[in-house]
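The values are calculated or read from the model by the stated rules, or taken from the named source; none is laboratory data. Everything quoted here is computed from the prediction, not taken from an experiment. Every residue, glycine as well, gets a Cβ built from its backbone with ideal geometry; the counts of neighbours run over all protein chains shown.
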Amino acid sequence: MTRHPDDADRLRQAVALLLAGELVALPTETVYGLGADAANPEAVARIYAAKGRPARHPLIVHLPAAGHLAQWARAIPPQAHKLAAAFWPGPLTLILRKQDWVPLAVTGGQETVGLRVPAHPLAQALLAAFAAARAPAPAGIAAPSANRFGRVSPTTAAHVREELGAAAALILDGGPCAVGIESTIIDFSRATPEILRPGAIEAREIERVLGGAHLSTPSGPSPDAPRVSGALASHYAPGTPVRLVATDMLPQTLASTQAAGQRCALLCFAREAAGKSGQDFPEQAAAIRRMPDDPIAYARALYASLRELDHLGLDFLLIETPPTHPAWLAIHDRLNRAAG
């Protein structure tokens, strides 16, 4: 990311606002976050109010570096330290037992806390400056996605302005997010670690670092698992109803939609779909957004594409179902929740 001459002034302004209990929107490599001083329950309450987020839904606390982990969590298992060393800064969130002082406002009333160190250079600079200003007290920024609760996450500063308007006292513009979907969440609060939300870091990468230990991904809510961000059946959703359609069913679905007098947008792969050249689709879809065949590039473009098509005010958004390869697991998770 190119640093601008006024970045230092904006960082000082952001730190001052956070210390005063105000909200600051910040870029991370995953999505833009709506940030507040995680140690300040009143500031955290402003996040919930701005997003319309239920108070029992915990927030992820962003830290300047892995060295700050023990200030926020206790009984940290060696496996968690291994993952922090391997993937931080980066799109990985660890669920750990919280230190007694950590406000329940930030954990949704739970005794666990979600922690991560973001990789975006502007987020890192803000977190470092905020930690210096709060020293020697623990410093962290609670920052869920900077959008209304349950809606499509923002991946540009313009998305934040569109979603939240003046709810944030300051929006730090760090350009488009490089990853584009939320972090992988690993639960270390129970006897066996578990992936509670898939993300850009795949299970096989995590298992490799942990020496081949198999991590499960729950197919549904577990009664003893901690509540985490993005776990609702309906989430990451545009206002336009979403339907997932298998590749070989696209022509039939488009034809039936057209016959019913409904106008739809189509999110499909750039390659030919169901043996079609794609030339027939414009006659049946009001808009088409062609997506990359690579899961990393697809994730980067996903939320901006959903927003673009949602703005058209059509009856449906049809999405071609991605491949079933494990590399597409996080994409499947987001699309299934968008259609939830």
* **Pair list, Cβ < 7 Å and 6+ apart or interchain, from the stretch 291-307 residues that are within 18 Å of Asn336 (Cβ to Cβ) and without any contact (Cβ under 8 Å) to a residue 12 or more places away in the chain to residues that are among the aromatic types (Phe, Trp, Tyr) and outside any helix (DSSP H, G or I)** => none
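Quick grid of which residues meet (1) under 23 Å from Asn336 (Cα atoms); (2) of a type in the set (Gly, Ala, Ser):
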{"site": "Glu162", "(1), (2)": "no, no"}
{"site": "Ile181", "(1), (2)": "yes, no"}
{"site": "Ala191", "(1), (2)": "no, yes"}
{"site": "Ile195", "(1), (2)": "yes, no"}
{"site": "Arg204", "(1), (2)": "yes, no"}
{"site": "Glu207", "(1), (2)": "no, no"}
{"site": "Gly211", "(1), (2)": "no, yes"}
* To do: State which residue is modelled with the lowest pLDDT when the search covers only the stretch 283-340 and only residues that are outside any helix (DSSP H, G or I) and within 19 Å of Arg197 (Cα to Cα).
  => Gly340
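Please pick out the residue among Pro136, Pro154 that is of a type outside the set (S, T, N, Q) and more than 14 Å from the chain's Cα centre (by Cα). Step through it out loud before you land on a result.
Working: Pro154 fails: more than 14 Å from the chain's Cα centre (by Cα).
The conditions single out Pro136.
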* **Residues (touching a strand residue (DSSP E or B) at 6+ places or on another chain (Cβ under 9 Å) and in a helix (DSSP H, G or I)) located in the stretch 131-157** => Arg134, Ala157
* Asked: Conditions: (1) free of Cβ contacts under 8 Å to residues at least 60 places away in the same chain; (2) in contact with a helix residue (DSSP H, G or I) (Cβ under 8 Å, 6 or more places away or on another chain). Ala191 meets all but one. Number of the miss?
  -> (2)
* Within the stretch 208-227, tally of residues that are surrounded by 15 or more Cβ atoms within 10 Å (Cβ to Cβ) and modelled with pLDDT of 90 or more -> 2
* **When residues of the stretch 113-131 are limited to those that are small (Gly, Ala, Ser) and farther than 16 Å from Val24 by Cβ, the one surrounded by the fewest Cβ atoms within 10 Å (Cβ to Cβ)** => Ala119
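Go through the stretch 48-107 and count every residue that is of a type in the set (D, E, K, R), under 24 Å from Phe149 (Cα atoms) and assigned to a loop (DSSP other than H, G, I, E, B). Don't jump to the end; show me each part of the working.
Let us first name the residues in the stretch 48-107 that are of a type in the set (D, E, K, R), namely 51, 53, 56, 74, 82, 97-98, 100.
From what is left, the residues that are under 24 Å from Phe149 (Cα atoms) are 51, 53, 56.
Filter once more, so that each one left must be assigned to a loop (DSSP other than H, G, I, E, B): 53, 56.
Summing the residues that are of a type in the set (D, E, K, R), under 24 Å from Phe149 (Cα atoms) and assigned to a loop (DSSP other than H, G, I, E, B) in the stretch 48-107 gives 2.
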* Quick one: is Thr156 surrounded by fewer than 23 Cβ atoms within 10 Å (Cβ to Cβ), closer than 15 Å to Val24 by Cα, in the same structural domain as Pro41 (by TED's automatic domain parsing) and polar (S, T, N, Q)? -> yes
* **Test: Arg116 is assigned by TED's automatic domain parsing to the domain that holds Leu170, within 14 Å of the chain's Cα centre (by Cα) and of a type in the set (Lys, Arg)** => yes
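Against the definition (more than 20 Å from Arg227 (Cα to Cα) and at pLDDT below 95), how does Thr2 come out, yes or no? Please lay out each step first, then the result.
Working: more than 20 Å from Arg227 (Cα to Cα): yes; at pLDDT below 95: yes.
Considered against the rule, which asks whether it is more than 20 Å from Arg227 (Cα to Cα) and at pLDDT below 95, Thr2 comes out as yes.
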* Condition broken by Ile195, with the remaining ones in (1) part of a strand (DSSP E or B); (2) buried (at least 24 other Cβ atoms within 10 Å of the Cβ) satisfied -> (2)
* Asked: Hey, among Ala16, Ala8, Ala43, Ala36, which residue is closer than 28 Å to Gly180 by Cβ and without any contact (Cβ under 8 Å) to a residue 12 or more places away in the chain?
  -> Ala8
* Asked: When the stretch 54-78 is examined, which residues are found to be buried (at least 22 other Cβ atoms within 10 Å of the Cβ) and at positive phi?
  -> none
* Asked: Which one of Ala135, Ala142, Ala166 is surrounded by 24 or more Cβ atoms within 10 Å (Cβ to Cβ) and farther than 17 Å from Leu306 by Cα?
  -> Ala142
* To do: Working carefully through the options Leu210, Leu215, Leu172, find the one that is touching a residue at least 12 places away in the same chain (Cβ under 8 Å), within 27 Å of Tyr32 (Cβ to Cβ) and of a type in the set (A, V, I, L, M, F, W, C).
  => Leu172
